[in-house]
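In what follows, a single structure is set out as structure tokens and then discussed.
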């Protein structure tokens, strides 16, 4: 069974997997791409034999709606971290902002953040980061296929981005802020699509639990 579950902000992706395992009674349950605890949106869950399909689903392009808060940087690049740097936000116009966003289109290399679920030498990076241990991370190839400005003001920028597997939108947000001439962190991140699975078709764990019982 492949499930399109809506993950709310707060719980980890693995906690959603555990909930589905408990509801279905399936021992073999996995997900098709981690969402950070603060993030929300489409989390694809596979159970039983269908867990074999998760690799292909995880390789699919993903689409996000992100809100970038300018003027303050956190150590996690999201609202859950501590502020490590602040900087004045310069004035900018829409045309310049659109040009800035367009510079991130295409294939490039991105260094995974320390606060991430990526493993290096068998260890999760975020576990090392919590111990104030920083390790060298090799840049990975990513592809920003679409980036669209949704709204903005003097303190925040909201944008949609369609990207390849392995893209950290938190890092993208940090880089956008730097290119504008300030610092920033993502204050909200919503995954709206994974491959052909859309947020409009997703259901919460609670709704799924009710329908499963019935």
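Read-outs: derived from the displayed coordinates by stated rules, not from any lab. All values reported here derive from a predicted model rather than from experimental measurement. Cβ coordinates were reconstructed from backbone atoms using ideal geometry, including for glycine residues, and neighbour counts include every protein chain displayed.
Assign one of three labels to the stretch 73-158, namely rounded, prolate or oblate, based on the Cα gyration tensor with a ≥ b ≥ c the square roots of its eigenvalues; rounded applies when a/c is under 1.5, prolate when it is not and a/b is larger than b/c, and oblate otherwise.
It is oblate, given that a/c is not under 1.5 and a/b is not larger than b/c.
In degrees from 0 to 90, rounded to the nearest 10, what is the angle of the helix 169-180 Cα long axis to the longest principal axis of the chain?
Approximately 10 degrees, to the nearest 10.
How much of the DSSP beta bridge set in the chain is antiparallel, as a percent to the nearest 5?
Numbers: 45 of 48 bridges.
Counting DSSP beta bridges with both partners in the chain, the antiparallel share is about 95 percent.
If r is the Cβ-Cβ distance from residue 128 to residue 56 and R0 is 35 Å, what FRET efficiency results, to the nearest 0.05?
0.70
Residues of the stretch 84-124 with backbone nitrogen within less than 19 Å of a virtual label 7 Å along the Cα-to-Cβ line of residue 149, please, listed as ranges.
What the label zone holds, given the 19 Å backbone N cut-off, is 89-106.
Compute the length gained on full extension between residue 1 and residue 18: take 0.36 nm times their separation in residues and subtract their Cα-Cα distance, giving the result in nm to one decimal. Mind dumping the intermediate values first?
Working: separation 17, 0.36 × 17 = 6.12 nm, distance 1.52 nm.
Answer, rounded to one decimal: 4.6 nm.
Please report the relative contact order for the stretch 6-118, taking Cα pairs under 8 Å with a sequence separation of at least 6, and give it as a percent rounded to a whole number. Intermediate results must be reported in sequence, preceding the final value.
On the way: 116 pairs, mean separation 20.5, N = 113.
Rounded, it is 18 percent for the stretch 6-118.
With axes computed from alpha carbons, what is the tilt in degrees of helix 13-24 against the longest principal axis of the chain, rounded to the nearest 10 within 0 to 90?
On a 0 to 90 degree scale, this one is about 20.
If neighbour count is taken as other Cβ atoms inside 10 Å, put 158, 1, 114 in order from fewest to most. Kindly include the intermediate steps, with their values, before the conclusion.
Values: 158 16, 1 13, 114 20.
Ordered by Cβ neighbours within 10 Å, fewest first: 1, 158, 114.
Measure out, as a whole number of angstrom, how far apart the alpha-carbon centroids of the stretch 23-96 and the stretch 125-140 sit.
Value for the Cα centre distance between the two parts: 18 Å.
Going by average Cβ density within 10 Å per residue, which order do the peptides 92-103, 23-34 take, highest to lowest?
Working: 92-103: 13.2, 23-34: 17.2.
In decreasing order of mean packing, 92-103, 23-34 become 23-34, 92-103.
Normalised by the number of residues in the stretch 67-214, what is the relative contact order in percent for Cα pairs under 8 Å and 6+ residues apart? Spell out each step's value before the answer.
Values: 229 pairs, mean separation 48.4, N = 148.
Here the relative contact order equals 33 percent.
For the stretch 1-44, calculate the relative contact order in percent as a whole number, restricting contacts to Cα pairs under 8 Å that are 6 or more residues apart.
Dividing the mean separation by the residue count of the stretch 1-44 yields 56 percent.
Of 40, 200, how do they rank once you tally other Cβ atoms within 10 Å and put the fewest first?
Values: 40 21, 200 9.
Ranked by crowding around the Cβ, least crowded first: 200, 40.
Quickly estimate the mean residue ellipticity at 222 nm for the chain, helices only: each DSSP H run with n ≥ 4 gives -39500 (n - 2.57), and the total goes over all residues, rounded to 500.
-7000 deg cm²/dmol, from helical runs alone.
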